[in-house]
1. Run residue B:641 past the list (1) open to solvent by less than 10 Å² (accessible area, probe 1.4 Å); (2) within 14 Å of chain A (Cβ to nearest Cβ) and report the number of the one that doesn't hold.
2. Out of the residues in the stretch A:62-79 meeting the condition of being assigned to a helix (DSSP H, G or I) and away from chain C (no Cβ under 13 Å), tell me which one is surrounded by the most Cβ atoms within 10 Å (Cβ to Cβ).
3. Which numbered condition trips up residue B:296, out of (1) within 13 Å of another protein chain (Cβ to nearest Cβ); (2) open to solvent by less than 10 Å² (accessible area, probe 1.4 Å); (3) part of a helix (DSSP H, G or I)?
4. Taking the stretch A:166-178 as the region of interest, how many residues are out of contact with any Gly (no Cβ under 7 Å at 6 or more places or on another chain) and more than 9 Å from chain B (Cβ to nearest Cβ)?
5. How many of the residues in the stretch A:249-270 are open to solvent by 10 Å² or more (accessible area, probe 1.4 Å) and over 17 Å from residue A:200 (Cα atoms)?
6. Scan the stretch B:693-706 residue by residue and report those that are more than 8 Å from chain C (Cβ to nearest Cβ) and under 24 Å from the mean Cα position of the chain (by Cα).
7. Here are some residues: B:477, B:469. Which one is hydrophobic (A, V, I, L, M, F, W, C) and either within 23 Å of the chain's Cα centre (by Cα) or assigned to a helix (DSSP H, G or I) (or both)?
Amino acid sequence: MLSIKEYLRPDTLEEAYDLGKMENTLYVSGGLMIASLKSSRLERLVDLKNLGMEEIEDGKRVKIGANVKLSEFMTNPLLSSLNHGFFKKTMKDVGSTQIRNMATVGGSVAFRLGWSDVITALMASKATVELYEGQLNEVSLERYVKEKRRKEIVTAIYIPKNDRFLAFEKFSKSTFDIAMLNVGVGMNIRDDKMSDVTVVVGSRPMISGRIVEVEKFLNDKELSNSIEAAAQLMRDTIKVGGDVRVKAEYRKVLSAALLKKAMRGIGDES
Amino acid sequence: MNVREERSVATSLSSDKNFDVVNTSVEKIDGYALVKGKPVFTDDFDVPDSLIVKILRSPHAHAIVKNVDASKALELSGVACVLTYKDVPRIAFTRAGQGYPEPSPYDTFVLDKKVRYVGDAVAIVAAESEEIARKALKLIKVEYDVLDNIIDYEHAMDENAPIIHDESEISGAYDPKHNIASHYEMHFGDVDEELSKCDVTTEKTFYTPNQSHAMMEPHAAISYFDANGRLTIITSTQVPYHVRRIIKRIFGVESRVIKPRIGGGFGGKQAVHVEAYVTAVTLKTGRPARCIYTRKETMTASNTRHAMRFKIRVGADKDANLRVIDMQGLSNTGAYGEHALTTFMVAGSKTLPLYNKVNAVRFMGDIVYTNTESAGAFRGYGAPQGAFALDCALDELAHKLGMDPVEFKLKNSIREGETSPVFKVMGEGREGVEQIVGSCKIEECAIEGAKLFNWHEKRERQRIEGTKAHGYGVAFAMQGSSIPAIDMGGATIKMNDDGTFNLMIGATDLGTGSDTILAQIAAEALHTSVGKFVVYSSDTDVTPFDKGAYASSTTYVSGNATKRAAERMAREILKAASEITGESVEKLHLENGKVISKSGKSLTYSEIQTQLFYTFKQRQLEVTESFVSEVSPPPYMVTFAEIEIDLETGKVDVMSMLNYVDCGTPINPLLARGQVEGASSQGIGMALYEEHIFDKNGRMVTDDFFTYKVPSRDDIKKITVKFADSYEPTGPFGAKSVSEIGLDTPGPVIANAIFDAVGIRVNRLPIKSEDLYFKLNERGLTP
Amino acid sequence: MKVEFKVNGKMHSVNVEPGEFLLETLRNLGYKSVKHGCDTASCGACSVQLDGKPVLSCRTFTATVNGHEIKTVEGFSKEGELSNIQRALVEEGAVQCGFCIPGLVVTADALLRENPSPTEDEIKGYLNGNLCRCTGYESQTRAILKVAKDSRGEKS
Ligand SMILES: Cc1cc2nc3c(=O)[nH]c(=O)nc-3n(C[C@H](O)[C@H](O)[C@H](O)COP(=O)(O)OP(=O)(O)OC[C@H]3O[C@@H](n4cnc5c(N)ncnc54)[C@H](O)[C@@H]3O)c2cc1C
């Protein structure tokens, strides 16, 4: 039991946003992370489930409401087919069936977990985030995770609809475990030539971010003969830290190894 | 193929052993209740008016409790009591649930004025609700005098190391002034001389880690006075009788201890954990008290496997005769000496006799105190630690000899009809017993296992391909069946007029299925079916004594007691039938729940007991028998494994594992197989995933399932189990133990397979991908 | 706060604390099959079906289940008859201590509804959040494969 005073279920965004501004108040979506907060100052939870935000809309880009569960990426026909089935494959590595049935896209993005696989995968797809801060705004996911905001409500994310190939690799001790490091790669590829490359590394242990040096290096090169060099560059340039789970040096090794696996995966697929 | 088919071949070979009930996979008798989710675990019992008990635990690894101020907590409405060391008896005891007198030192108090690890108990709080109890914990102010600590056991005996046990009441510890809880040494022959004569030798140091039992049900106990004022303790324990005895020692109070279904133990519940706390509260307040540990408490403040270091030297002549084994060990018992001496001795006594042809053996070492969670009993009980060092060292020796390790280990291992001097020298905490091995099918395990696994063909394969390396390993193991001449189990059988029997056993089913297999043994001896047995187990007021579930003894000791009781009941039934029918006993026999006479008459068990109740020579048929073994027949096992190493990351996956087991007659092949599969996966966890990480203050960082990774479903690829055709003459219907041995081999077999794959000898568990990667890198094996 | 929901078809109307978890509420209501195994959403022993989908009751605020339907393992054995999954688990020796079993049954049931013919890998993947320390998982996988085979009318 969390010792809180109120569990509120507002019906409109405006109401939720106002409530959210109160002292010692947090939003709750799937509740998975909220439930483990030990903060004794927390007094109030503002549940966002009554706000809808459950839509999955097709168009030039795909809109995914913040309350959509991670499991939908595996079962929804549209989401599971995006980018050659990328999300269906990737989400299998996230938590467990039960966790995916509970965790929301909004909560996963908003919590800005350093080890989030979801953020790494979405960032590789160049997703953007729609927020409510008195009005609706949209920012790239990259920017969103870097910036500090106050009490914004994530209302949706947008995934550009395109033919890019995406690959995700996660390294963890056991198969039901958080990442020691994860890598997401995205690109267009034609006749082995790469363009529009994204390379994202998460759980460094800092939050996922794009590795621009490696992206630049890869653009316009041929995939099959740039894997080794890209991996070397990754190892040399990436900024990582050590923690009780993994030493920094090994994170560097992993960043290179996972990049290679991801690129080989794309090579095989394309 | 299901287990029944697999066995049928072997069973048909043992022509003289035609069993009806034994050696069949009958369904577990508590299975229905468990799959229906019936309220059968300690936490499921609602005892009205219970106080909720919580423990205030030390944030320091080593400190004097200068003052405890509970006044604020006591002011909180709903707090019933806060107990500190001043409020509980100052009686030194050991939490270890062992036969009496225990071989573990008396170095523990319910609460003490000194705390010896992060998590050690400081105060007991009882309140009307969980929430109030939690709040009260926060309101207790404790002043500590923080002392220097020892977290790394390799430094426990350093000069100037702080003394962990300096209290005067301690008894049974070897040299507490130097943090040595226990010491042991034995030898025969001269190891140094023998080594000097060897053509090939190997010397290496091996490390095995602490490991958490991680049973799914946390520790739990409820205590209350029953209607007649008898203290009753419902507890998730493997040792109800030892709990009763220890509670009496501490508090001077008699009690009834009931073990309901328990959610796994693996040795972790072979100790007094929660019982003393709830008892203290019930005695103080007169009210029922309930304490359910959190996962964190279960991880940090119960027990862990003893971490051990072994420096091992082995040598052989050029004809591959193993001549000498020398093992010098160091074991970490943590803050208290629970099972300190005995687990250490088992590291030798359950490994060394396997190689009985050597000329010289030495086994010695110290078991030291540190400021970490107390170690305790854990499935394998030292044998996995010893086996890791010994089997890996022999693997290396085989390699140096240019010999197939299967061949080398088999050539030097024990055979049926042989003995080992180690049996006599090393027991558990004292001398052992001489024994001739009555059943040993290690040749079948090794030779047939190698065929099944495709060992010879696989070893011809290319090991490194692209970014992956594959390796094939083998490991040999033995264990024991019971602690001979010490551990006793009893069984009572009562016949009912409806043709059923009550089987009352002290034996403790902790999920293993012992209630079921004991009923099978009784049913076999009484020529009836398991369905005719209503089993009551582990209630100290109702069932006969049994040492409890440990030391691989239930099937063997409690099984023999049950068999004896059933055989005596059979004689009682025949006698009664003879009296009723007037035919001599020789003309009667039991068949299918009836007594049949040569003249063709038959009487059902129900008819007999009905007559004995109401009309004829009236009496209740009931018998009690006990069993203590003179020997501890070892089961044997040979494990083959294939591993894959990702050379880019150093990650190791166990692709398949074959366990070929000689456990005598598997009383229930399906349940026996489950024991081996489960032990294997715990061993894989110990070898690859499970790790205690401490911060600099000695706090365990990996104190939950989020950070302490037991293997999950996707981590376990394929575990195959085969049983050798074996019959142990002293066992109940030929049975030996099967529950622990599966944990002995995963560590060495994985390490050996890694060596086979990439030539790197791993000497430390768990094998971390990080470490392996950098070793691969040093050798230029990373792509 | 007042919350109304169905458990195994039976309506409950209860007053709960705002921060109360479904695990606590269900156990207080007598659904003791729902187990408290860890405190970190990491063991799956508390799994229940929420509108047919397996979720962790230890991380579900009771406040959110108002108007929803919950199924626990108590709802599986109709008139004492075991469901196919329960029966197969017993037959395959997949129940040792039994503490993980209620959570496993409700999750496996959802698996077989979503995917009536799962492969071994699909079974392990779907149930990866249900830890078991006793069995090494092998017998549980065999049991579920068997249910799937039987339901396709194949002989196992
Ligand atoms: C045992 C376990 C294992 C996990 N394993 C993985 C894994 O392998 N890989 C991985 O990527 N993730 C993993 N996760 C994390 C999971 O996927 C989700 O990211 C996480 O649970 C958050 O989602 P939620 O909907 O439950 O958020 P909540 O717990 O409800 O909220 C999380 C935070 O976000 C805020 N918030 C929620 N919704 C919004 C919103 N719409 N707008 C603004 N703020 C909001 C809340 O105030 C809170 O601070 C794991 C979680 C657990 C418990």
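1. (2)
2. As a first pass, look at the stretch A:62-79 and keep what is assigned to a helix (DSSP H, G or I): A:72-75, A:77-79.
Imposing the further condition that a residue be away from chain C (no Cβ under 13 Å) reduces the set to A:73, A:77-79.
Working: A:73: 27, A:77: 7, A:78: 14, A:79: 20.
Looking at residues that are assigned to a helix (DSSP H, G or I) and away from chain C (no Cβ under 13 Å), I get A:73.
3. (2)
4. Within the stretch A:166-178, the first condition is being out of contact with any Gly (no Cβ under 7 Å at 6 or more places or on another chain), and the residues that meet it are A:169-175, A:177-178.
Keeping just the survivors that are more than 9 Å from chain B (Cβ to nearest Cβ) gives A:169-170.
Count: 2.
5. Of the residues in that region, 5 qualify.
6. Initial filter on the stretch B:693-706 (more than 8 Å from chain C (Cβ to nearest Cβ)): B:693-703.
Answer for the stretch B:693-706, where residues must be more than 8 Å from chain C (Cβ to nearest Cβ) and under 24 Å from the mean Cα position of the chain (by Cα): B:693, B:700, B:702, B:703.
7. Values: B:469 fails: either within 23 Å of the chain's Cα centre (by Cα) or assigned to a helix (DSSP H, G or I) (or both).
Selected residue: B:477, the only one of B:477, B:469 that is hydrophobic (A, V, I, L, M, F, W, C) and either within 23 Å of the chain's Cα centre (by Cα) or assigned to a helix (DSSP H, G or I) (or both).
A quick yes/no check of all residues on (1) within 14 Å of chain C (Cβ to nearest Cβ); (2) open to solvent by 20 Å² or more (accessible area, probe 1.4 Å):
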| residue | (1), (2) |
| --- | --- |
| B:40 | yes, yes |
| B:46 | yes, yes |
| B:57 | no, yes |
| B:68 | no, yes |
| B:71 | no, yes |
| B:83 | no, no |
| B:98 | no, no |
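The values are calculated or read from the model by the stated rules, or taken from the named source; none is laboratory data. Bear in mind the structure is a predicted one, so any value in this text is a computation, not a measurement. Using ideal geometry, Cβ is built from the backbone for each residue, glycine included, and neighbour counts are taken over all protein chains shown. We work out accessible area using only protein heavy atoms, side chains counted, and drop any ligands, DNA or RNA first. Shrake-Rupley method; radii C 1.70, N 1.55, O 1.52, S 1.80 Å.
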